[in-house]
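Engineer: If you scroll down you'll find the structure; I have some questions about it.
The values are calculated or read from the model by the stated rules, or taken from the named source; none is laboratory data. Worth saying up front: this structure is predicted, and the values here are computed from it rather than measured. Every residue, glycine among them, receives a Cβ derived from its backbone with ideal geometry; neighbour counts consider all protein chains shown. Areas reflect the complete protein model, heavy atoms only, side chains present, ligands, DNA and RNA absent. Shrake-Rupley method; radii C 1.70, N 1.55, O 1.52, S 1.80 Å.
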Amino acid sequence: TIKDAPNSFPFDSFFARPVEDTKAFTGRPFTVKEFLEFKRKILSKELAYQTLHPDTEIMISPLVNIYSETRFFVVDKKIVAHSFYKRGGQPFFSDNVEPFIKDYAIKMLERWQPSGVFVIDIADTEYGLRIVELNGFNSAGIYESNPYKIIDSVENFVMHDIS
């Protein structure tokens, strides 16, 4: 929980986010100083929202170097569109996705899928490829993905589901 989070860390910066998908706060890198100020504001109720309070469970992890991030749109168990959206920590949009990244996404999708329509973001990190996030597609940035393929695939999936 935020109230039980340590006041010192073995590193200068780290990543923190809520455990639940409540968007209580945006997961992001913090310096120790920034985090302790964030924690102080929550404990003093200077910063309080319905989903953000001292008992909000959080995850803390050391920072990892991320070389690129790629979004895949998945409909009916298949990747229907994709786009790089970040390279070297900077926005970078391209639909020319490296085959090894797509192969990893397919391998992960064979293990589990949360829904019939969603996005999966894959990061190429200093530790290899990792899933960054799984989310609904309705508020996901399209970047350089083909929107017509996404819409057509979702429409066919929904129409098939209705009939």
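Engineer: For V119, work out the one condition from (1) closer than 23 Å to D21 by Cα; (2) open to solvent by 50 Å² or more (accessible area, probe 1.4 Å); (3) in a strand (DSSP E or B) it doesn't fulfil.
Structural biologist: Going through (1) closer than 23 Å to D21 by Cα; (2) open to solvent by 50 Å² or more (accessible area, probe 1.4 Å); (3) in a strand (DSSP E or B) one by one, V119 breaks only (2).
Engineer: List every residue pair whose Cβ atoms lie under 7 Å apart, where the two residues are 6 or more positions apart in sequence or sit on different chains, the first residue falls within region 146-163 and is within 14 Å of F72 (Cα to Cα) and at pLDDT 95 or above, and the second residue, located anywhere, is part of a helix (DSSP H, G or I) and among the acidic types (D, E).
Structural biologist: Matching pairs, first to second residue: none at all.
Engineer: Can you tell me which of (1) in a helix (DSSP H, G or I); (2) within 30 Å of H160 (Cα to Cα); (3) open to solvent by 40 Å² or more (accessible area, probe 1.4 Å) is the one P114 doesn't meet?
Structural biologist: Going through (1) in a helix (DSSP H, G or I); (2) within 30 Å of H160 (Cα to Cα); (3) open to solvent by 40 Å² or more (accessible area, probe 1.4 Å) one by one, P114 breaks only (1).
Engineer: Given N156, N138, N96, which one is open to solvent by 80 Å² or more (accessible area, probe 1.4 Å), part of a helix (DSSP H, G or I) and of a type outside the set (F, W, Y)?
Structural biologist: Exactly one residue qualifies, and that residue is N156.
Engineer: Which of (1) in contact with a Pro (Cβ under 8 Å, 6 or more places away or on another chain); (2) surrounded by 12 or more Cβ atoms within 10 Å (Cβ to Cβ) is the odd one out, the single condition K39 does not satisfy?
Structural biologist: K39 satisfies every listed condition except (1).
Engineer: Taking region 122-132, which residues are open to solvent by less than 40 Å² (accessible area, probe 1.4 Å) and within 23 Å of P147 (Cα to Cα)?
Structural biologist: Within region 122-132, I122, A123 qualify.
Engineer: Working carefully through the options K3, K77, K33, K45, find the one that is of a type in the set (K, R), under 30 Å from V158 (Cα atoms) and open to solvent by 80 Å² or more (accessible area, probe 1.4 Å). Outline the logic, then answer.
Structural biologist: On the way: K3 fails: under 30 Å from V158 (Cα atoms); K33 fails: under 30 Å from V158 (Cα atoms); K45 fails: under 30 Å from V158 (Cα atoms).
Selected residue: K77, the only one of K3, K77, K33, K45 that is of a type in the set (K, R), under 30 Å from V158 (Cα atoms) and open to solvent by 80 Å² or more (accessible area, probe 1.4 Å).
Engineer: Kindly indicate whether E69 is open to solvent by less than 30 Å² (accessible area, probe 1.4 Å), of a type in the set (D, E) and either assigned to a strand (DSSP E or B) or modelled with pLDDT of 95 or more (or both).
Structural biologist: Numbers: open to solvent by less than 30 Å² (accessible area, probe 1.4 Å): yes; of a type in the set (D, E): yes; either assigned to a strand (DSSP E or B) or modelled with pLDDT of 95 or more (or both): yes.
Taking the combined requirement at face value, the residue satisfies it.
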